[in-house]
Structures are given as C-alpha cells and as structure tokens.
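Enquirer: My structure is below; once you've seen it, I'll send some questions.
Every number here is computed from the coordinates shown, using simple stated rules; none is lab data. This one's a predicted model, so the numbers in the text were calculated from it and none came from an experiment. Here the Cβ positions follow ideal geometry from the backbone for every residue, glycine too, while neighbour counts run over all protein chains shown.
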Amino acid sequence: MSVKKLAIEDHLVGDLCKTQCDRGSFGIDCNETCGYCHEANHCFHTNGTCLSGCIAGFQGDLCKTTCQRGFFGVNCETKCLDTCDDCNDVTGVCDQGCLPGFKGFVCQEACPYGLFGQDCTSECNDTCTGCNNVNGVCDRGCHPGWRGNYCDIGILAKKS
C-alpha cells in the first residue's frame with residue numbers, strides 16, 4: 001500500500017488527513033476562525049479569505065478589520081457625510097453627533113432659519129435678518145439701527 005504525502009497547503013485534518021476544515025475555520029489543523037464574512041462563516045479553507053466579501057462594518061480580505069473613521073457599510077465602501085462628526089460603522093448613523101449647523105440621524109438637515117450651532121440649539125440675534133447656520137454670523141444683514149457681524153452694535157440716530 002502506498003501512502004501519498006499531502007502538502008501542508010491542502011489543509012486537511014484527521015488521522016488520515018482526509019477531512020477538510022469545517023465551515024467557519026481554516027488554516028493548519030483548522031484552528032483559525034473565519035472573519036465577519038458576508039455569508040456567515042464562509043471563508044477559503046487555506047487562508048481565511050472571505051469568498052463573498054464582508055458584512056457591514058468590516059473590511060479586508062479576512063473581514064476582521066473594522067471600518068476606518070469616516071466610512072461605513074458593506075466592505076466599508078460608503079463614506080460618512082462631511083456634516084457628521086463620526087458615523088456608525090454599520091448603519092452610517094451619526095451616533096457621535098453632527099458638526100455645528102446640522103442635525104438629524106445622518107446630519108443631512110441644515111439648521112432651520114433662525115437657529116445655528118451644535119444641534120441647532122442656538123438662536124440668531126433678533127437684530128439679524130438671517131444668520132449662518134454654523135456660526136451665527138448675520139450673513140443676510142442687520143435690521144435698521146444695527147451693525148456688526150452679529151448685528152450687536154447699535155447705531156445712534158442723528159439728532160436733527
């Protein structure tokens with residue numbers, strides 16, 4: 001009887017080296033586990049590469065690396081909005097909050113007229129005809145009798 005010598009790359013286990021790694025494992029002696037593959041526990045038995053890509057929130061050939069800051073979704077291919085401080089790796093929801101001037105789950109809504117700043121909680125000066133949604137500067141001008149970036153400097157009326 002002749003015995004065939006198998007290469008380590010074949011990644012077969014068992015007394016007679018006839019059993020391939022179970023689904024969800026890979027490597028020598030099948031002691032490594034698959035990453036967060038799109039098809040659960042479906043990776044190449046020799047090197048762990050996910051055959052169908054990664055689930056939302058993970059990236060790389062092995063799908064064991066979380067998304068880098070500013071990206072989310074399947075294989076981390078979607079960029080978070082620029083108005084979001086940071087977004088959830090899986091959903092893209094701005095769970096760390098919005099940058100000043102914006103609100104909403106994904107920070108797509110600019111502050112409504114008359115409001116500005118973080119979470120749109122600050123009010124424009126009453127002396128403004130409209131203000132910037134980010135910093136409150138009166139970028140649409142001042143009501144009569146007022147001047148300055150924030151329309152906070154009164155103009156004295158001339159006596160006749």
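Enquirer: How long is segment 84-160 along each principal axis, judged by its Cα atoms, biggest number first, in Å?
Expert: 68, 15, 14 Å, listed from the longest principal axis down.
Enquirer: Test of the criteria: in segment 83-160, which chymotrypsin sites (Phe, Trp or Tyr not before Pro) are in a DSSP loop and have at most 12 other Cβ atoms within 10 angstrom of their Cβ?
Expert: On the way: sites: 102, 105, 113, 116, 146, 150; in loops: 105, 113, 150.
Here the sparse-neighbourhood loop sites are 113.
Enquirer: With Cβ to Cβ distances under 12 Å as the rule, what net charge do the other residues near residue 95 carry (K, R +1; D, E -1)?
Expert: -3
Enquirer: Test of understanding: extend the Cα→C-beta vector of residue 74 to 7 Å, then name every residue of segment 28-53 with backbone N under 19 Å from that spot.
Expert: 35-44, 49-53
Enquirer: Please rank 156, 51, fewest neighbouring Cβ atoms within 10 Å first, as an exposure proxy. The partial results should precede the final answer.
Expert: Numbers: 156 6, 51 11.
Listed from fewest to most nearby Cβ atoms, that is 156, 51.
Enquirer: Oh, and also: Using 0.36 nm times the number of residues separating residue 66 and residue 40, minus their current alpha carbon distance, what extension gain do you get?
Expert: Working: separation 26, 0.36 × 26 = 9.36 nm, distance 1.64 nm.
Length gained between residue 66 and residue 40: 7.7 nm.
Enquirer: Residue 152's amide H: which non-local residues (gap 5+, or another chain) put their own amide H closer than 5 Å, with H modeled 1.01 Å from N in plane and none for Pro or chain starts?
Expert: Residues meeting the amide H criterion: 147.
Enquirer: Now for a separate question. Could you pull the Rg and Dmax for the chain, using just the Cα atoms, both in Å?
Expert: In Å, with Rg to one decimal and Dmax whole: 29.5, 122.
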